[in-house]
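Chemist: To start, I am sharing the structure in question, which I have written as structure tokens.
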Amino acid sequence: MKSFSNVEKQQIIFNAYSNPKFKLDNKTGVGINEHSQVCVDEIELNLKFENDLLVEAKYFANGCAIFISSIELVINELLNKSKEDIKQILENYFKLINKEEIEESVDLGNLYVFENVKIHLNRLECASIVYRAFKKGLNA
């Protein structure tokens with residue numbers, strides 16, 4: 001499992017939050033919608049698959065740094081992956097943020113920065129929203 005210092009985690013999260021690559025300026029009205037159970041975090045996620053590969057993912061969202069950075073980092077890890085690979089990565093990501101044992105054969109890349117979000121349960125919710133949105137997108 002990849003390991004980051006607390007300073008590295010903060011830098012990766014802050015960079016993803018402050019320099020989003022996949023964020024849209026406005027809602028499209030056609031994406032997958034998901035929102036927090038406990039705060040104002042909400043997302044509209046737009047996915048484009050070609051030949052079973054995720055070739056594009058864009059989103060419109062409002063929320064905190066953990067929420068926005070989780071979207072950015074998840075998209076970055078899932079782009080150009082097959083639906084089956086995406087399912088494995090998402091399941092391992094969900095296990096990681098919930099402090100469960102993960103499959104070592106599935107590389108989560110920079111998503112390991114979220115390994116301790118469960119310490120603050122409200123942050124666990126923030127990091128889980130993108131998981132739920134992508135699960136909806138895979139089942140659509």
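Chemist: Could you grab me the full set of residues in the range 9-22 that are among the charged types (D, E, K, R) and either open to solvent by 80 Å² or more (accessible area, probe 1.4 Å) or in contact with a Phe, Trp or Tyr (Cβ under 6 Å, 6 or more places away or on another chain) (or both)?
Modeler: 21 - this is the single residue of the range 9-22 that is among the charged types (D, E, K, R) and either open to solvent by 80 Å² or more (accessible area, probe 1.4 Å) or in contact with a Phe, Trp or Tyr (Cβ under 6 Å, 6 or more places away or on another chain) (or both).
Chemist: When the range 121-140 is examined, which residues are found to be surrounded by 15 or more Cβ atoms within 10 Å (Cβ to Cβ), touching a residue at least 60 places away in the same chain (Cβ under 8 Å) and of a type in the set (Gly, Ala, Ser)?
Modeler: 127, 133, 137 - these are the residues of the range 121-140 that are surrounded by 15 or more Cβ atoms within 10 Å (Cβ to Cβ), touching a residue at least 60 places away in the same chain (Cβ under 8 Å) and of a type in the set (Gly, Ala, Ser).
Chemist: Sticking with this structure for a sec: Would you mind telling me which numbered condition in (1) in contact (Cβ under 8 Å) with a residue 40 or more places away in the chain; (2) open to solvent by 70 Å² or more (accessible area, probe 1.4 Å) residue 4 fails?
Modeler: (2)
Chemist: Give the range 38-63 a look and list any residue that's of a type outside the set (S, T, N, Q) and open to solvent by less than 50 Å² (accessible area, probe 1.4 Å), or say none.
Modeler: Within the range 38-63, 41, 43, 44, 45, 47, 54, 57, 59, 60, 61, 63 qualify.
Chemist: Moving to a separate point now. Among the residues that make up the range 25-35, is at least one of them part of a loop (DSSP other than H, G, I, E, B), open to solvent by less than 50 Å² (accessible area, probe 1.4 Å) and over 28 Å from residue 99 (Cα atoms)?
Modeler: yes
Chemist: Another one. Would you check if there is a residue in the range 66-74 being outside any strand (DSSP E or B) and in contact with a Cys (Cβ under 6 Å, 6 or more places away or on another chain)?
Modeler: yes
Chemist: Here's something else I'd like to know. Is there a residue in the range 70-81 that is at pLDDT 95 or above and among the acidic types (Asp, Glu)?
Modeler: Scanning the range 70-81, I find at least one residue that is at pLDDT 95 or above and among the acidic types (Asp, Glu), so the answer is yes.
Chemist: If I filter the range 76-83 for residues that are without any contact (Cβ under 8 Å) to a residue 60 or more places away in the chain, more than 18 Å from residue 110 (Cβ to Cβ), open to solvent by 70 Å² or more (accessible area, probe 1.4 Å) and among the charged types (D, E, K, R), do I get at least one hit?
Modeler: No, the range 76-83 contains no residue that is without any contact (Cβ under 8 Å) to a residue 60 or more places away in the chain, more than 18 Å from residue 110 (Cβ to Cβ), open to solvent by 70 Å² or more (accessible area, probe 1.4 Å) and among the charged types (D, E, K, R).
Chemist: Limited to the range 92-112, what total is found for residues that are of a type in the set (Lys, Arg), open to solvent by less than 90 Å² (accessible area, probe 1.4 Å) and in contact with a helix residue (DSSP H, G or I) (Cβ under 9 Å, 6 or more places away or on another chain)?
Modeler: Selection size over the range 92-112: 0.
Chemist: Suppose we filter 87, 118 for residues that are within 14 Å of the chain's Cα centre (by Cα) and open to solvent by 10 Å² or more (accessible area, probe 1.4 Å); which single one remains?
Modeler: 87
The values are calculated or read from the model by the stated rules, or taken from the named source; none is laboratory data. Bear in mind that the values here come from a model prediction, so they are computed numbers and not experimental data. For neighbour counting, all protein chains shown are included, and Cβ atoms are generated from backbone atoms with ideal geometry for every residue, glycine included. Heavy atoms of the whole protein, side chains included, go into the accessibility calculation; ligands, DNA and RNA do not. Shrake-Rupley method; radii C 1.70, N 1.55, O 1.52, S 1.80 Å.
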